[in-house]
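> Can you keep this structure in mind? I'll have questions shortly.
The values are calculated or read from the model by the stated rules, or taken from the named source; none is laboratory data. On a predicted model such as this, the values are computed, not experimentally measured, just so you know. FYI the Cβ positions are ideal-geometry reconstructions off the backbone, even for glycines, and counts take in every protein chain you see.
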C-alpha cells in the first residue's frame, strides 16, 4: 500500500488525478493541497510515500518546494506538469518521475509500477538544495505569508514550531532550522536560534561566556557559548 | 600752344568711355568674380579678389582716358574709391597704389600728383568703409549715393593735389580748370552706376535663390509621404505629376533599375509606365551611380522610343538607398524648343535626394510594421500550446464530472482558437475582442474553479468600436498568468471600457497586485500590443500599467475611437 499526496493549484487537475489513482487499489490518496506552502505542511504531517507535485503553482513552484522539504521526510516525488520544458527540468532534478498533463492513464500505470517496485532510486539529495531561498513560506495569523529573507531578523524553534520573526511580520514555517541554515544566509547562534547577520545591531557579551544579540529593531537573541566563537569568526571579530 | 578745349565735348567723351567701362563691369558681374563684392566679408581670398578686380578697373580707367594737355582725363577714381569702400582701408590703399603706380609709369607732368592722389582716393574709400562698419551701418556701403558723394569728394581732392604738386603751376591750374567738371561728374556718376550694378546683381541672385527655395519647399511639402507608402507605379506617377507641375519642365519620369514607373508631360503618349528602360543615359546613371546630363547640344539626346519625340534634353539623377545603392532614377526632360534651366538642374538633384530619403523611410516603416506583425504571430504560436495543455487537462477532468459542461468548454475552446488564428493584420470590433477574451476566460474559470471571478463593465454602445485584433487577449492572459494564478487566495479580474470623447479606454484590472516590470521575455505580449498600437496611432496611445502591490494591477489600453463604417 502506497500513501499519496496531491499538490496542485488547479482543482480539476487534482480531481482528475484522484480519479485516475482511484483505479489503482494499492494507492491511497491521503491528502490534497492547493499550493506549495500547504503542501509542505502536509508532507511533514502526513509523511506520504509519494507526492504528485504540480510545478506551476502560486508564489512557490513545485521545484522550489522540493528543496524545502526536510531530508528525513522527503518522499518520492512525481512531478506533474503541462509544460514539457518544465518536465525536462524536473527530470534533470532526478525526480522519481514526471507526468505530462493531461495524464495518460497507461503512463500513470507505469509510474505506479516503478513506485511499487522501488526500482527507481529514492532521491535524498536534490541539486536544487544548493540553491538559496529568497523567501520563506510561513503561516501567519490565518494567512499564508512569504517572508523575504532580507526582511527576517531571526528564526527560532519553540513548541509551536519554527518561528520566523521579520521586522514587521512573523509566522510559523514548515522549514526546519537545518534547511534554513543551509539554504539561507541566516547563521546559527544558538541551538534553537538562527540570526540574520545583516540585521545584527550589537552583540552584548555576558559574564557566563555567552552573549546576546540586539537586532536592528531592538529584539534580543541569545548566543550560546558554543556558537559565539563561530559567530565571531564569521563576523571577523577577534 | 594749347588747343581750345570744348568742355561739353570732353564731358561727352568721358561719359562715353565710362559707358564702355560699365559695360565691361556689367559683363564681369555675371561671373563668379563678383560674388565676393556683393557682401562685406573679412575672408582673405575675398579681399584678394576685391583687390584684383578693382585694380583692374583702376588701370582700365586710366587706359580709357583722354590725353589732354600732357595729362590724362580719366575714370580711374571709380576703381580706387569703390575698392576702398567695398574692401576696406587696406584693399583701398593697395588698389590706389597699384592704379597710381601704373599711372606714374605712363609719365607726364601730373604723373606723381596722380599717383599720390589715386592712392589717397583708395584710402578715402577705405576709411569710409571702416567708419560705416564702426557705426554699424554696413548696409550703406552699397548705397550708390554714398559712392557718388565719396567719389565727388575724392576727385575734388585730386584736383587740389594736382594744383599742389604739378609743376609748372600755371600749367596745372589750366589743366584743372578744364578737367575738374568732366572728371568729378563722370567719376561720381560712374561710381554710383557701378554700385547700382552690384546692387542689382545681388537682388537678382536673391530672387533666384528665393524662387529656388520656394519651389524646393513646395515640392517637398506636396510629395511628403507619397513614396513612404511604397515605390510603385501609382505613387511614382503621382509624384512625377507634382514635380512636373512645380518645376515646369517639359516632362518628368521616375524609374526603378529596370523599368519606367511614372511619366508625366511631353511625350507621355509613348513613354509608358511599365516599359523597360531603353535610354542609354538612364542606364549609364544606374550603372555608374552618377548624374547624367544630356543637354541636346554637346551631349546629344535622342528619344530611344520614338523618332518624332519632342524631347530634346534630359537630366538623369540616380536615386540612392541604403549604402548608396542605386534603386532607381528620376529624369527631367525639356522639349527641343526649350532651354534646360540651371535652376531645374540643381533642383532635380535636390528632389532626387528627397525621394531617396522618402523611399528609405518607407522601407524602415514597412519593416517595423512587418516585425510587429510577425512578433504578434510568434506570440500567438508561443502562448497557445501552454494554454492548450492546461485547457485539455481541465477538460479531461470536467468530462468525467459533467459531460454537458465539458461540451460547453469545447465550444469555448474552439471559439478561442478560431479567433486567435484569424489573421492578425485585420481590425476587430471591441465586441469581437471581448468574445475572444470571454472564451479564454471561460476556460480559465473552469481551470481555476473558485479561485477566479470575472466581471465585465463594457457599455453596449462601445461594442462596435474598432481596434487592432488581438489587442485585448494578451493583456487579460497576463493578468491571469502573472496575477491571479500567482495568488494564494481567490482573485478577481475586471474588464471595463469607457469612452472619453475621441479616446477609447479599456481597463483590465486584477486583484493580485503582483505586477513587476520585467526586462524581457514575460512581458512580451503586452509590449507587442503596446508597440503595435503606437506604431499605428502614435505615441499618445498605447498601454499604461499601474500597480498597488498586493491590491491591484491596472492595465489601461488607450486607443483613438474609430467608428465602424456603416454595416455592410
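> Out of region B:449-477, which residues are under 30 Å from residue A:60 (Cβ atoms), free of Cβ contacts under 8 Å to residues at least 60 places away in the same chain and touching a helix residue (DSSP H, G or I) at 6+ places or on another chain (Cβ under 8 Å)? Give the steps one after another, and end with the answer.
Going through region B:449-477, the residues under 30 Å from residue A:60 (Cβ atoms) turn out to be B:449-455, B:473-477.
Narrowing further to those that are free of Cβ contacts under 8 Å to residues at least 60 places away in the same chain: B:449-455, B:473, B:476.
Residues satisfying the conditions are B:449, B:450, B:451, B:452, B:454, B:473, B:476.
> Further, regarding this structure: Could you list, in sequence order, the residues of region B:267-291 that are buried (at least 22 other Cβ atoms within 10 Å of the Cβ), in contact with a strand residue (DSSP E or B) (Cβ under 6 Å, 6 or more places away or on another chain) and closer than 20 Å to residue B:336 by Cα?
B:271, B:282, listed by residue number.
> Which one of B:480, B:484 is within 14 Å of another protein chain (Cβ to nearest Cβ) and in contact with a helix residue (DSSP H, G or I) (Cβ under 6 Å, 6 or more places away or on another chain)?
On the way: B:484 fails: in contact with a helix residue (DSSP H, G or I) (Cβ under 6 Å, 6 or more places away or on another chain).
Going through B:480, B:484 in turn, the sole match is B:480.
> Can you name the residue in region B:392-415 that is facing chain A (nearest Cβ under 9 Å) and under 21 Å from residue B:435 (Cα atoms) and is also surrounded by the most Cβ atoms within 10 Å (Cβ to Cβ) among such residues?
Per the criteria, the residue is B:394.
> Restricting attention to region B:451-469, does a residue exist that is within 20 Å of residue A:35 (Cα to Cα) and part of a helix (DSSP H, G or I)?
Just the residues of region B:451-469 that are within 20 Å of residue A:35 (Cα to Cα), to begin with: B:451-453.
Within this subset, residues satisfying the condition of being part of a helix (DSSP H, G or I) are B:451.
Yes, because at least one residue in region B:451-469 is within 20 Å of residue A:35 (Cα to Cα) and part of a helix (DSSP H, G or I).
> Another question, then. Please specify each residue of region A:180-238 satisfying the condition of being closer than 18 Å to residue A:170 by Cβ and part of a helix (DSSP H, G or I).
Passing the criteria: A:180, A:198, A:199.
> Next up: When the residues of region A:65-78 are filtered to those that are surrounded by 19 or more Cβ atoms within 10 Å (Cβ to Cβ) and more than 14 Å from chain B (Cβ to nearest Cβ), which remaining residue is farthest from residue A:180 (Cα to Cα)?
First, the residues of region A:65-78 that are surrounded by 19 or more Cβ atoms within 10 Å (Cβ to Cβ): A:65-69, A:75-78.
With the extra rule that they be more than 14 Å from chain B (Cβ to nearest Cβ), the set shrinks to A:66-69, A:75-78.
Numbers: A:66: 13, A:67: 10, A:68: 8, A:69: 11, A:75: 19, A:76: 22, A:77: 21, A:78: 24 Å.
Among those residues, the one meeting the criterion is A:78.
> Can you work out which of the residues in region A:1-22 that are touching a residue at least 60 places away in the same chain (Cβ under 8 Å) and under 16 Å from residue B:399 (Cβ atoms) is surrounded by the fewest Cβ atoms within 10 Å (Cβ to Cβ)?
Quick first cut of region A:1-22, residues touching a residue at least 60 places away in the same chain (Cβ under 8 Å) only: A:2, A:5, A:8, A:13, A:16-17, A:20-21.
Add one more test, that the residue is under 16 Å from residue B:399 (Cβ atoms), and what stays is A:13, A:16-17, A:20.
Details: A:13: 25, A:16: 24, A:17: 26, A:20: 21.
Going through the qualifying residues, I end up with A:20.
> Determine whether residue B:420 is within 14 Å of chain A (Cβ to nearest Cβ) and either over 16 Å from residue B:507 (Cα atoms) or part of a strand (DSSP E or B) (or both).
No; evaluated as a whole, the condition is false for this residue.
> Any idea which residue in region A:43-64 is surrounded by the fewest Cβ atoms within 10 Å (Cβ to Cβ), counting only those that are within 14 Å of chain B (Cβ to nearest Cβ) and touching a strand residue (DSSP E or B) at 6+ places or on another chain (Cβ under 7 Å)?
Initially, region A:43-64 is screened for residues within 14 Å of chain B (Cβ to nearest Cβ), giving A:52, A:54-62, A:64.
Narrowing the set further to residues that are touching a strand residue (DSSP E or B) at 6+ places or on another chain (Cβ under 7 Å) leaves A:52, A:54-56, A:59-60, A:62.
Working: A:52: 29, A:54: 27, A:55: 23, A:56: 20, A:59: 17, A:60: 22, A:62: 25.
Taking the candidates together, the pick is A:59.
> While we're here: I'm checking my understanding of the structure. Among residues of region A:68-89 that are farther than 11 Å from residue A:54 by Cβ and touching a strand residue (DSSP E or B) at 6+ places or on another chain (Cβ under 6 Å), which one is modelled with the lowest pLDDT? It would help to see each step written out before you state the result.
Filtering region A:68-89 down to residues farther than 11 Å from residue A:54 by Cβ leaves A:68-77, A:84-85, A:87-89.
From the residues that got through so far, the ones that are touching a strand residue (DSSP E or B) at 6+ places or on another chain (Cβ under 6 Å) too are A:75-77, A:87.
Details: A:75: 89, A:76: 88, A:77: 88, A:87: 63.
Only one residue fits best here, namely A:87.
> Can you name the condition, by its number, that residue A:38 falls short on among (1) within 14 Å of chain B (Cβ to nearest Cβ); (2) touching a helix residue (DSSP H, G or I) at 6+ places or on another chain (Cβ under 7 Å)?
Checking residue A:38 against (1) within 14 Å of chain B (Cβ to nearest Cβ); (2) touching a helix residue (DSSP H, G or I) at 6+ places or on another chain (Cβ under 7 Å), the one that fails is (2).
> Go through region B:63-91 residue by residue and tally those that are touching a residue at least 12 places away in the same chain (Cβ under 8 Å), in contact with a strand residue (DSSP E or B) (Cβ under 9 Å, 6 or more places away or on another chain) and surrounded by fewer than 20 Cβ atoms within 10 Å (Cβ to Cβ). Explain how you work it out, then say what you get.
Keep residues of region B:63-91 that are touching a residue at least 12 places away in the same chain (Cβ under 8 Å), which gives B:64-66, B:68-91.
Still in the running and in contact with a strand residue (DSSP E or B) (Cβ under 9 Å, 6 or more places away or on another chain): B:65-66, B:72-74.
In the following step, the residues that additionally are surrounded by fewer than 20 Cβ atoms within 10 Å (Cβ to Cβ) were identified as B:66.
Of the residues in region B:63-91, 1 are touching a residue at least 12 places away in the same chain (Cβ under 8 Å), in contact with a strand residue (DSSP E or B) (Cβ under 9 Å, 6 or more places away or on another chain) and surrounded by fewer than 20 Cβ atoms within 10 Å (Cβ to Cβ).
> Run down A:174, A:182 and say which single residue is surrounded by fewer than 22 Cβ atoms within 10 Å (Cβ to Cβ), touching a residue at least 40 places away in the same chain (Cβ under 8 Å) and farther than 18 Å from residue A:222 by Cα. Show your work before the answer.
Details: A:174 fails: surrounded by fewer than 22 Cβ atoms within 10 Å (Cβ to Cβ).
Step by step, each of A:174, A:182 is checked, and only A:182 is surrounded by fewer than 22 Cβ atoms within 10 Å (Cβ to Cβ), touching a residue at least 40 places away in the same chain (Cβ under 8 Å) and farther than 18 Å from residue A:222 by Cα.
> When you scan region B:127-144, do you find a residue that is at pLDDT 90 or above, in a helix (DSSP H, G or I), within 15 Å of residue B:190 (Cα to Cα) and more than 40 Å from the chain's Cα centre (by Cα), even just one?
So far as region B:127-144 goes, no, none of its residues is at pLDDT 90 or above, in a helix (DSSP H, G or I), within 15 Å of residue B:190 (Cα to Cα) and more than 40 Å from the chain's Cα centre (by Cα).
> A further question follows. Taking the condition of being closer than 27 Å to residue B:530 by Cα and either modelled with pLDDT of 90 or more or within 14 Å of chain A (Cβ to nearest Cβ) (or both), how many residues in region B:379-389 meet it? Reasoning before the result, please.
Filtering region B:379-389 for residues closer than 27 Å to residue B:530 by Cα gives B:379-388.
Next, from what is left, pick out any that are either modelled with pLDDT of 90 or more or within 14 Å of chain A (Cβ to nearest Cβ) (or both): B:382-388.
Counting residues in region B:379-389 that are closer than 27 Å to residue B:530 by Cα and either modelled with pLDDT of 90 or more or within 14 Å of chain A (Cβ to nearest Cβ) (or both) gives 7.
> Also, quick follow-up: Can you tell me which condition residue A:81 does not meet? The list is (1) within 22 Å of the chain's Cα centre (by Cα); (2) surrounded by fewer than 23 Cβ atoms within 10 Å (Cβ to Cβ); (3) within 13 Å of chain B (Cβ to nearest Cβ), and all the others hold.
Going through (1) within 22 Å of the chain's Cα centre (by Cα); (2) surrounded by fewer than 23 Cβ atoms within 10 Å (Cβ to Cβ); (3) within 13 Å of chain B (Cβ to nearest Cβ) one by one, residue A:81 breaks only (2).
> Further, regarding this structure: Of everything in region A:6-35, what is more than 12 Å from every other protein chain (Cβ to nearest Cβ) and closer than 27 Å to residue B:387 by Cβ? Give them in sequence order.
A:6, A:7, A:21, A:32
> Follow-up question, since we're still on this one. Quick one: would you say residue B:294 is within 26 Å of residue B:335 (Cβ to Cβ), without any contact (Cβ under 8 Å) to a residue 24 or more places away in the chain and in contact with a strand residue (DSSP E or B) (Cβ under 6 Å, 6 or more places away or on another chain)? Even if it seems obvious, please write down each step before you answer.
On the way: within 26 Å of residue B:335 (Cβ to Cβ): yes; without any contact (Cβ under 8 Å) to a residue 24 or more places away in the chain: yes; in contact with a strand residue (DSSP E or B) (Cβ under 6 Å, 6 or more places away or on another chain): yes.
Yes; evaluated as a whole, the condition is true for this residue.
> Another question about this same structure. Specify which of the listed residues (B:142, B:185, B:130, B:181) is touching a helix residue (DSSP H, G or I) at 6+ places or on another chain (Cβ under 8 Å), crowded, with 19+ Cβ neighbours inside 10 Å and in contact (Cβ under 8 Å) with a residue 24 or more places away in the chain. Show your work before the answer.
Working: B:185 fails: crowded, with 19+ Cβ neighbours inside 10 Å; B:130 fails: crowded, with 19+ Cβ neighbours inside 10 Å; B:181 fails: crowded, with 19+ Cβ neighbours inside 10 Å.
It is B:142.
> Just wondering, is there one or more residues in region B:92-101 that are free of Cβ contacts under 8 Å to residues at least 60 places away in the same chain, touching a helix residue (DSSP H, G or I) at 6+ places or on another chain (Cβ under 8 Å), in a helix (DSSP H, G or I) and surrounded by fewer than 18 Cβ atoms within 10 Å (Cβ to Cβ)? Talk me through it step by step, then tell me what you get.
Start the filter on region B:92-101 by keeping residues that are free of Cβ contacts under 8 Å to residues at least 60 places away in the same chain, which leaves B:92-101.
Next, only the ones that are touching a helix residue (DSSP H, G or I) at 6+ places or on another chain (Cβ under 8 Å) stay: B:92-101.
Okay, now just the ones that are also in a helix (DSSP H, G or I), so B:92-101.
With surrounded by fewer than 18 Cβ atoms within 10 Å (Cβ to Cβ) added as a condition, the list becomes B:101.
Yes, region B:92-101 contains a residue that is free of Cβ contacts under 8 Å to residues at least 60 places away in the same chain, touching a helix residue (DSSP H, G or I) at 6+ places or on another chain (Cβ under 8 Å), in a helix (DSSP H, G or I) and surrounded by fewer than 18 Cβ atoms within 10 Å (Cβ to Cβ).
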